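The values are calculated or read from the model by the stated rules, or taken from the named source; none is laboratory data. This one's a predicted model, so the numbers in the text were calculated from it and none came from an experiment. Methodologically, a virtual Cβ is constructed for each residue, glycine included, from the backbone with ideal geometry; neighbour enumeration extends over all protein chains shown. Heads up: the accessible areas ignore ligands, DNA and RNA and are worked out on the full protein's heavy atoms, side chains in. Shrake-Rupley method; radii C 1.70, N 1.55, O 1.52, S 1.80 Å.
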Amino acid sequence: MEKKVYIIGHRNPDTDAIVAATAYARLKQLLGKKEYMAVRAGNLAPQTEYIFKRFNVEPPVYIPDLFPKTQYYMNTDVQTVDQNLSLWEAVEKMNHADGLPIVDSEKKYKGFLNYSSFALKSIKLLDPRRNGIFTASLHLIEKTLNATPIVEFNPEETFPCSIMIGDDDLETFKNLLTEHASENIVVITGDREDIQKACIEAGVRALIITKDYAVKKELHELAKEKKVSILIGHDSTMATATLIEYSSPVSSMSNDEIKPVHPWDTVQKIRPLLAQSPNRCLPVVDENEKVIGLISESDLLHDPNIEVILVDHNEPTQAIEGLEHYVIQEIIDHHRINTFTTRYPITLINKPVGSTSSIISNMYRENRVPIPKDMAAILLCGILSDTLVLQSATTTEYDVLTAEYLSSIADLDIQQLGNDIIKSGSRIGNRTADEVIHQDMKDYVEGKLKFTVSQIEVDSTREILKRKKEFLDELEAARKANGNLFNALLVTDITQLSSIMFLASEPVFEQVIQLPVQDEHIYYMKNIVSRKKQLIPLLTEMLEGVEQ
């Protein structure tokens, strides 16, 4: 499979993360780097969904995790063999492959041809004590022997073929023909005109003449009358008798015990299956059972065909699960530095601005690439979303100037657009507490202490306060499930530019909080609207009073 580079935001991504990944992937593609693609590690928030639908932009593909999977290691340059191909032709192809998936006319997997199954079944094929009957068709016999049809009937029809050698005296041979009259007999003989005539008169299925011997014209006519096919081959009778049995369809040599795997199967799942496979190789099929690749034990020794660029985060606890298995090319962010240890030097861009979308917008300009109108629109939305329409404490002149530049390209009014996107994400409606809390939840670690902070912007806190028990219970359940010190939900009132904080906590932390209490486990936070720049530093300072 060709190498891909995933551009991805944090778990439970907000609008800025999704927009940044989408726009940066488009920039890479416009620079001729087609292997870059935007993906996401969580569901789209209502606000993000509204933005992408409004500007008719396809959102990033969802991937639940990055645990190593078959698709990241498999070889897509796979050769298959049609189930109706002759065994002889298939063996020639197998010289250049670990094994050959056998497929039907729709490329669906039917079995596997490898050296071990071929060797085992070849012994049976060549066993002189067996009954000599095998499946074949005249077409496959012709191709295997490189024979020329002189008279031919139903060449594509597959039939149970019984081979006889025409080298006895005539009367003995006629008796043998009579004994096997009910079978589909194929006779191999040389320039024995008497044997040739006896075969045609007996109505055998086919007559193979060896060493390019000619057949008399009158026998041609008799064969047409009796519907007996005549083929002329180049080899001796002995060579022809040996080779003809390899005109069986390749499916007769198939190892049906080798089951295919799927591209989404984890490496952990397929390792034992590979160990059990005779040649340590397995076919890979899609959801329709069509063969799309091969995976071998040696493939797992190579680097995966995936690398990653992170946007809008740099903390391992916020990243997609399984990221540690891959090379990180770049990190583009605007949050505090608490980043990964990487195997190789990387590009790290971190600016103290209000939005990652601001950084990405200016990377278009730095690369002298015109920003497409649809990208300008969603980048502007990313900035306005993350800065509360340029009113958040995180907003910088960099964000303001970038927003004005994007608004001129997209022909959008900043204030009107800002109001639209903020309102699109502020309605709780029939959404569950779990959906709201996990919509934009971020994990943090301070020393040995773990906690999460979720955030939602609303135009009034009345609705969420009516459901306070539901939200506090959900926060507490999530906290206990992950062993956190506390889980918090910051509810920001965009009309008042202040917030309230719902808190589910161990008592030891709640004892050190010095904030105005609005209700039990709910705190009022005047003029605090930014999780990144205002709330997290405040909570971190409070944590210093908690013994670890």
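Scanning segment 232-257 for residues that are surrounded by 23 or more Cβ atoms within 10 Å (Cβ to Cβ) and within 17 Å of Glu156 (Cβ to Cβ) yields a count of 3. With respect to the stated conditions, Ala38 is among the aliphatic types (A, V, I, L, M) and assigned to a strand (DSSP E or B). Remark: pairs (first residue in segment 163-182, touching a residue at least 12 places away in the same chain (Cβ under 8 Å); second residue of a type in the set (Asp, Glu) and assigned to a helix (DSSP H, G or I); Cβ separation under 6 Å; 6+ apart in sequence or on different chains) = Leu170/Asp194. Among the numbered conditions (1) assigned to a strand (DSSP E or B); (2) modelled with pLDDT of 95 or more; (3) not basic (Lys, Arg), the only one that Phe52 does not meet is (1). Whenever a residue of segment 511-537 is farther than 19 Å from Glu470 by Cα and without any contact (Cβ under 8 Å) to a residue 60 or more places away in the chain, its partners that are open to solvent by 30 Å² or more (accessible area, probe 1.4 Å) and among the charged types (D, E, K, R), lying with C-beta atoms within less than 9 angstrom and at least six residues away or across chains, give the pairs Val512/Glu544; Pro516/Lys526; Pro537/Arg336. Among the residues that make up segment 35-53, is at least one of them over 24 Å from the mean Cα position of the chain (by Cα), open to solvent by 10 Å² or more (accessible area, probe 1.4 Å) and charged (D, E, K, R)? Within segment 35-53, one or more residues are over 24 Å from the mean Cα position of the chain (by Cα), open to solvent by 10 Å² or more (accessible area, probe 1.4 Å) and charged (D, E, K, R).
The strands (runs of 3 or more DSSP E) falling completely within segment 486-548 that include 1 or more residues that are in contact with a His (Cβ under 6 Å, 6 or more places away or on another chain), open to solvent by less than 20 Å² (accessible area, probe 1.4 Å) and not basic (Lys, Arg) map to 498-505. Glu435 satisfies every condition listed in (1) under 17 Å from Pro13 (Cβ atoms); (2) touching a residue at least 60 places away in the same chain (Cβ under 8 Å) except (2). Within segment 13-29, is there a residue that is open to solvent by 30 Å² or more (accessible area, probe 1.4 Å) and over 30 Å from Leu282 (Cα atoms)? Yes. Considering only segment 196-212, how many residues are closer than 11 Å to Ala147 by Cβ and open to solvent by 10 Å² or more (accessible area, probe 1.4 Å)? Of the residues in segment 196-212, 1 are closer than 11 Å to Ala147 by Cβ and open to solvent by 10 Å² or more (accessible area, probe 1.4 Å). Could you look through segment 66-105, keep only residues that are aromatic (Phe, Trp, Tyr) and in a loop (DSSP other than H, G, I, E, B), and pick out the one that is most open to solvent (accessible area, probe 1.4 Å)? Across segment 66-105, the extreme among qualifying residues is Phe67. Every condition in (1) assigned to a strand (DSSP E or B); (2) out of contact with any strand residue (DSSP E or B) (no Cβ under 9 Å at 6 or more places or on another chain) holds for Lys450 except the one numbered (2). State whether the residues of segment 146-165 include one that is over 57 Å from the mean Cα position of the chain (by Cα) and either more than 30 Å from Asn84 (Cβ to Cβ) or of a type in the set (D, E, K, R) (or both). No, segment 146-165 contains no residue that is over 57 Å from the mean Cα position of the chain (by Cα) and either more than 30 Å from Asn84 (Cβ to Cβ) or of a type in the set (D, E, K, R) (or both).
Within segment 406-427, residues that are within 23 Å of Gln455 (Cα to Cα) have Cβ atoms under 7 Å from residues that are aliphatic (A, V, I, L, M) and open to solvent by 20 Å² or more (accessible area, probe 1.4 Å) in these pairs: Ile422/Ile494; Ser426/Ile494, counting only partners at least 6 apart in sequence or on another chain.
Among the residues of segment 145-178, those that are among the charged types (D, E, K, R) and closer than 20 Å to Thr135 by Cα comprise Glu152, Glu156, Glu157. In segment 403-417 there is at least one residue matching the filter, namely being farther than 22 Å from Ala45 by Cβ and β-branched (Val, Ile, Thr).
For every residue, the table says whether it meets (1) free of Cβ contacts under 8 Å to residues at least 12 places away in the same chain; (2) among the hydroxyl-bearing types (Ser, Thr, Tyr); (3) more than 23 Å from Ala147 (Cα to Cα); (4) in contact with a Gly (Cβ under 9 Å, 6 or more places away or on another chain).
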| residue | (1), (2), (3), (4) |
| --- | --- |
| Ala241 | no, no, no, no |
| Val285 | no, no, yes, yes |
| Asn288 | no, no, yes, no |
| Leu300 | no, no, yes, no |
| Glu315 | no, no, yes, no |
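Can you tell me which of Leu177, Leu140 is at pLDDT below 90 and buried (at least 18 other Cβ atoms within 10 Å of the Cβ)? Spell out how you get there, then give the answer.
On the way: Leu140 fails: at pLDDT below 90.
The match here is Leu177.
Is there a residue in segment 362-385 that is open to solvent by less than 60 Å² (accessible area, probe 1.4 Å) and at pLDDT below 95?
Taking segment 362-385 first, the residues open to solvent by less than 60 Å² (accessible area, probe 1.4 Å) are 362-364, 369, 371-372, 374-385.
Filter once more, so that each one left must be at pLDDT below 95: 385.
Among the residues of segment 362-385, at least one is open to solvent by less than 60 Å² (accessible area, probe 1.4 Å) and at pLDDT below 95, which makes the answer yes.
Taking first residues from segment 6-21 that are free of Cβ contacts under 8 Å to residues at least 24 places away in the same chain and partners that are part of a helix (DSSP H, G or I) and surrounded by 24 or more Cβ atoms within 10 Å (Cβ to Cβ), no Cβ contact under 8 Å between residues at least 6 apart in sequence or on separate chains turns up. Residues in segment 180-189 that are crowded, with 17+ Cβ neighbours inside 10 Å and over 13 Å from Ile133 (Cα atoms): Ile188, Thr189.
Applying a threshold of 6 Å to beta carbon distances and a minimum spacing of six or more residues, or different chains, the list of pairs starting in segment 41-55 at a residue that is among the hydrophobic types (A, V, I, L, M, F, W, C) and ending at one that is in a helix (DSSP H, G or I) and surrounded by fewer than 18 Cβ atoms within 10 Å (Cβ to Cβ) reads Phe55/Asp374.
Residues of segment 326-350 that are loosely packed, with under 14 Cβ neighbours inside 10 Å, in a loop (DSSP other than H, G, I, E, B) and hydroxyl-bearing (Ser, Thr, Tyr): Thr341, Thr342, Tyr344. Scan segment 464-477 for residues that are part of a helix (DSSP H, G or I) and either in contact (Cβ under 8 Å) with a residue 60 or more places away in the chain or surrounded by fewer than 20 Cβ atoms within 10 Å (Cβ to Cβ) (or both) and the total you get is 8. If I filter segment 306-325 down to residues being closer than 23 Å to Thr76 by Cβ and open to solvent by 20 Å² or more (accessible area, probe 1.4 Å), which single residue comes out as nearest to the chain's Cα centre (by Cα)? Checking each candidate, the answer is Glu307.
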